[in-house]
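Bear in mind these aren't lab numbers, they're just calculated from the coordinates by the rules spelled out. Just so we're clear, the structure is a prediction, and the values are computed from it rather than from any experiment. Using ideal geometry, Cβ is built from the backbone for each residue, glycine included, and neighbour counts are taken over all protein chains shown.
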Amino acid sequence: MSIDQNTSEPYVSVDFNASGARAFSELTDANVGKRLAIVLDGNIHSAPQIRERIPSGRAQITGGFSTEEATDLAIVLRAARCPRRSRCSRSGRSGPPWAPTPSGRA
């Protein structure tokens, strides 16, 4: 969890390994304008909108979070670091085979 110096709003950064960056790039390219649910143990923790293709392997999750909410989301992403099979459904839920790594401290 970090704080945007321009807006003073908290956000969560995620970094992907090389294969994760490729998978995330494809996922975001195919789903611009849709929501990507962040699901752990069957619970949706966040569902940010994909604004654009993200080819770099680095992304920021924003959305008017409180500091506590951003910290909680960073913890969820750390817990989800194990590799997962890709799974997309019409509802927009995804579980790509990458290991997101939250940047910054929670």
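Quote to one decimal, in nm, the extra length available between residue 25 and residue 47 on full extension: 0.36 nm per residue of separation minus the C-alpha distance between them.
Here the answer is 6.2 nm.
Report ³J(HN,Hα) in whole Hz for each residue of segment 67-72, in order, from the Karplus equation J = 6.51 cos²θ - 1.76 cosθ + 1.60 where θ = phi - 60°; Gly and Pro get x.
4, 5, 5, 5, 4, 4
Looking at segment 41-77, which trypsin sites (Lys or Arg not before Pro) are DSSP coil and have at most 14 other C-beta atoms within 10 Å of their C-beta?
Within segment 41-77, the qualifying trypsin sites (Lys or Arg not before Pro) (loop, at most 14 other Cβ atoms within 10 Å) are 51.
Which residues' amide hydrogens lie under 5 Å from the amide hydrogen of residue 9, considering only partners 5 or more residues apart or on another chain, with H built in the peptide plane?
Those lying under 5 Å, H to H, from residue 9 are 4.
How many nm is it between the label spots at residue 4 and residue 18, if each spot is 7 Å from the Cα in line with the beta carbon?
According to this spin-label approximation, the distance is 3.3 nm.
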